[in-house]
Amino acid sequence: MQEFYDITVAGVKRSLPIVPISDTMSIAGFVIFGDTEVVEPCARALAEKLPPETEVLVTAEAKSIPLIYEMAKVMKMPRYVIARKSVKGYMRNPIITTVNSITNMGREQILVVDEQDAAFIRGKKVAVIDDVISTGSSLQAIEKLVKESGGEVVARAAVLAEGDAANRKDIIFLEKIPLFFHDKK
C-alpha cells in the first residue's frame, strides 16, 4: 500500500500520510493544526462558498479551530462557536450530545455548548464547519446542538470530503480524498 496521498487544496500542495484506523481501513491524515500555509487559503476559499445569509460558524473541538477562526476573520464575524468535547466548570446549563466519528476509532465522545453559546446561536442561520467530513456523524452531532440551541443550519462545510461524503449534495467542500481499504492482516 502507498505511504502518502498527494493533494492540492486551495492552491497548496500536501502529501498526506496514509494512516490505518482499523484492521481494514486507512485514511489520508489531514492535520490542519499549525499549518498556516493551508489554513488561510482554505478559510478564504470555504468562506466564499458559504451562503451569504450565514450568521454564525460552529465547529467541534479541536482540529477545525484554526480554520473557523480564519473563516470568521474573512467573513468579518466577531464571534464563532466551538462545541467542546467535555463539560467545563464555567459552563452553565450545558447542552450535550454524543458522537462516534471515524477518527474516534469506536469510542463515543460528547460535544457540548453552554447557555451563552446557545443564546448566541438562537434564531441565527448557522454554517457547521469541519476539517474533513467522512461519515458525517460529527456534523450530525453539531447540527443537533445547533437545533437544540434554536439555530437553523444553512450549510455544512469542510476542507475535505472523504470517501462517500464526496457524493453528498448537502455538503460544501474544497477537495475530495479517498478511503483506503485493505485486507485484514
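The values are calculated or read from the model by the stated rules, or taken from the named source; none is laboratory data. Because the structure is a prediction, the values reported are computed rather than measured. All Cβ positions, even for glycine, are placed from backbone atoms using ideal geometry, and neighbour counts span all protein chains on display. What goes into the accessible areas is simple: the full protein's heavy atoms, side chains included, and nothing from ligands, DNA or RNA. Shrake-Rupley method; radii C 1.70, N 1.55, O 1.52, S 1.80 Å.
Tallying residues that are of a type in the set (A, V, I, L, M, F, W, C) and in a strand (DSSP E or B) within region 21-43 yields 3. Residues in region 159-185 that are surrounded by fewer than 20 Cβ atoms within 10 Å (Cβ to Cβ) and among the hydrophobic types (A, V, I, L, M, F, W, C): Ala166, Ile171, Ile172, Leu174, Leu179, Phe180, Phe181.
Does Leu57 satisfy the condition of being surrounded by 22 or more Cβ atoms within 10 Å (Cβ to Cβ), aliphatic (A, V, I, L, M) and within 18 Å of Ala155 (Cα to Cα)? Yes; evaluated as a whole, the condition is true for this residue. Among residues of region 21-43 being closer than 18 Å to Ala62 by Cβ and at pLDDT below 90, the one that is surrounded by the fewest Cβ atoms within 10 Å (Cβ to Cβ) is Gly34.
For (1) of a type in the set (D, E, K, R); (2) crowded, with 17+ Cβ neighbours inside 10 Å; (3) in contact with a strand residue (DSSP E or B) (Cβ under 7 Å, 6 or more places away or on another chain); (4) assigned to a strand (DSSP E or B), each residue gets a yes or a no:
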{"residue": "Asp6", "(1), (2), (3), (4)": "yes, no, yes, yes"}
{"residue": "Val19", "(1), (2), (3), (4)": "no, no, yes, yes"}
{"residue": "Lys73", "(1), (2), (3), (4)": "yes, no, no, no"}
{"residue": "Val87", "(1), (2), (3), (4)": "no, no, yes, no"}
{"residue": "Arg107", "(1), (2), (3), (4)": "yes, no, no, no"}
{"residue": "Gln116", "(1), (2), (3), (4)": "no, no, no, no"}
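The number of residues in region 119-158 being more than 18 Å from Leu50 (Cβ to Cβ), open to solvent by less than 10 Å² (accessible area, probe 1.4 Å) and assigned to a helix (DSSP H, G or I) comes to 2.
Of the candidates Ile27, Ile21, the single residue that is of a type outside the set (S, T, N, Q), touching a residue at least 40 places away in the same chain (Cβ under 8 Å) and touching a Ser or Thr at 6+ places or on another chain (Cβ under 7 Å) is Ile21.
Taking the conditions (1) outside any loop (DSSP other than H, G, I, E, B); (2) open to solvent by less than 20 Å² (accessible area, probe 1.4 Å); (3) farther than 24 Å from Lys147 by Cα in turn, Leu46 satisfies each one other than (3).
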